[in-house]
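Working notes, structure below.
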Amino acid sequence: MKLSIAIADTNALPSAFVVYRGFNECIPKAAKLGFHGVELALKRADEINVLHLQSLLDENQLEVSCISTGQVYADEGLMFTETDTVKRQRVTGIFKELIDLATDFGQLVNIGRVRGQIGRLPKPEAEDLFLEITRGLCDYAHPKGVTLILEPVNRYEIDFINNVEEGVELMKKVNRPNMKLMPDVFHMNIEDRTIGPELAKHIDFVKYIHFADSNRLAPGQGHLDFPKIMNSLFHAHYDGWVSVEILPNPDPDTAARQSAEFLLPLIHAYNERRAEVLPIIVS
Ligand code: LER
Ligand code: MN
């Protein structure tokens with residue numbers, strides 16, 4: 001298991017949901033705190049100077065865990081359930097460029113609120129609009145080694161795919177090997193029956209996990225039981241990223257430090273425990 005933190009660059013929208021802003025300043029800070037990677041919140045692929053980002057990552061020995069796309073939705077209201085052909089082409093084009101970028105950085109692109117609303121559409125129609133764009137993007141991404149990860153988001157933010165079970169049902173309809181889920185334990189705390197057992201039950205679909213406490217502050221600052229959640233993940237043999245996506249409160253540096261201080265010892269113990277049992281699982 002590896003630990004990442006959500007960051008955006010200085011030109012990100014005020015609504016970008018990240019802990020840190022400013023790659024030059026914050027990538028070294030994340031490395032110093034012990035994070036293994038950074039989740040890049042992007043609006044467009046051309047925000048990234050590939051050579052500069054790669055050298056920043058190399059200098060700080062960090063990886064990109066995933067490219068997240070909340071700003072694609074926030075910026076122009078683009079959605080996969082959109083009916084307008086021009087807007088559908090636009091969101092598809094933006095995603096193809098983000099997939100190209102992910103070939104070199106993380107190989108994972110998230111689909112958050114950009115999946116769209118059901119709104120006034122009949123649900124099967126909204127689903128078909130989503131499926132058409134998503135299958136096309138999966139087929140584009142597959143030869144590039146990139147996987148798309150859909151995030152169930154709570155009902156107060158969106159009306160389409162609120163819990164993990166709904167996500168799994170939709171994944172089965174997408175029916176592509178590079179389409180998986182990105183559960184977020186903050187949303188799961190609102191929408192799912194349980195957190196750890198639900199993640200374990202659907203582990204084959206779980207590719208990446210957002211960590212935030214019940215109040216969306218750093219893990220350890222609310223009432224979610226992270227050791228218990230991680231124990232379920234351990235028994236389900238999860239070996240992917242967990243990424244801190246929290247409010248930058250009381251300030252970004254404190255929120256990032258609290259997250260690292262709370263989660264890194266748990267992750268080290270998790271990985272040591274996995275190293276002990278891995279030979280048994282493999283043999
Ligand atoms: C995005 O990862 C997320 O969790 C959303 O709640 C942001 O609005
Ligand atoms: Mn999230």
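Going through segment 100-125 one residue at a time, which ones are away from ligand 2 (no atom under 16 Å from the Cβ) and under 27 Å from ALA6 (Cβ atoms)? The answer is ASP100, LEU101, ALA102, THR103, ASP104, PHE105, GLN107, GLY116, GLN117, ILE118. The residue of segment 12-25 that is nearest to GLN258 (Cα to Cα), among those that are open to solvent by less than 20 Å² (accessible area, probe 1.4 Å) and touching a helix residue (DSSP H, G or I) at 6+ places or on another chain (Cβ under 8 Å), is VAL19. No other residue among ASP9, ASP46 is in contact with a helix residue (DSSP H, G or I) (Cβ under 7 Å, 6 or more places away or on another chain) and of a type in the set (Asp, Glu) apart from ASP9. Among the residues of this structure, VAL86 counts as one that is free of Cβ contacts under 8 Å to residues at least 12 places away in the same chain, part of a helix (DSSP H, G or I) and either over 30 Å from ARG257 (Cβ atoms) or of a type in the set (Phe, Trp, Tyr) (or both).
The single condition among (1) within 22 Å of PRO197 (Cα to Cα); (2) more than 16 Å from ligand 2 (Cβ to nearest atom); (3) within 19 Å of the chain's Cα centre (by Cα) that PRO219 does not meet is (2). Tell me, please, whether a residue that is away from ligand 2 (no atom under 16 Å from the Cβ), within 28 Å of ILE7 (Cα to Cα), among the β-branched types (Val, Ile, Thr) and open to solvent by 20 Å² or more (accessible area, probe 1.4 Å) can be found in segment 236-254. Yes, segment 236-254 contains at least one residue that is away from ligand 2 (no atom under 16 Å from the Cβ), within 28 Å of ILE7 (Cα to Cα), among the β-branched types (Val, Ile, Thr) and open to solvent by 20 Å² or more (accessible area, probe 1.4 Å). Criterion applied to VAL185, VAL168 was being touching a strand residue (DSSP E or B) at 6+ places or on another chain (Cβ under 9 Å), open to solvent by less than 70 Å² (accessible area, probe 1.4 Å) and touching a residue at least 40 places away in the same chain (Cβ under 8 Å), and the one residue passing it is VAL185.
Return a yes/no flag: does segment 159-167 have any residue that is within 13 Å of ligand 2 (Cβ to nearest atom), charged (D, E, K, R) and either out of contact with any Leu (no Cβ under 7 Å at 6 or more places or on another chain) or over 21 Å from ILE267 (Cβ atoms) (or both). No, segment 159-167 contains no residue that is within 13 Å of ligand 2 (Cβ to nearest atom), charged (D, E, K, R) and either out of contact with any Leu (no Cβ under 7 Å at 6 or more places or on another chain) or over 21 Å from ILE267 (Cβ atoms) (or both). VAL146 passes every criterion in (1) within 20 Å of ILE209 (Cα to Cα); (2) in contact with a Lys or Arg (Cβ under 6 Å, 6 or more places away or on another chain); (3) at pLDDT 95 or above apart from (2).
Only residues that are of a type outside the set (A, V, I, L, M), open to solvent by 40 Å² or more (accessible area, probe 1.4 Å) and modelled with pLDDT of 95 or more were counted across segment 74-91, and they come to 6. Can you tell me which residue in segment 108-153 is farthest from ligand 1 (Cβ to nearest atom), limited to those that are of a type in the set (Ser, Thr, Tyr) and assigned to a helix (DSSP H, G or I)? Filtering segment 108-153 for residues that are of a type in the set (Ser, Thr, Tyr) and assigned to a helix (DSSP H, G or I), the one farthest from ligand 1 (Cβ to nearest atom) comes out as TYR140. For segment 137-158, the set of residues classified as loosely packed, with under 15 Cβ neighbours inside 10 Å and within 20 Å of GLU82 (Cβ to Cβ) consists of ASP139, GLU157, listed by residue number. Among the residues examined, PHE35 does not qualify as among the aromatic types (Phe, Trp, Tyr), surrounded by fewer than 23 Cβ atoms within 10 Å (Cβ to Cβ), more than 16 Å from ligand 2 (Cβ to nearest atom) and closer than 21 Å to SER259 by Cβ.
The values are calculated or read from the model by the stated rules, or taken from the named source; none is laboratory data. Keep in mind that this is a model prediction, so the values were computed, not measured. Please note: Cβ atoms are built from the backbone with ideal geometry, for glycine as well, and neighbour counts cover all protein chains shown. SASA here: full protein model, heavy atoms, side chains in, ligands and nucleic acids out. Shrake-Rupley method; radii C 1.70, N 1.55, O 1.52, S 1.80 Å.
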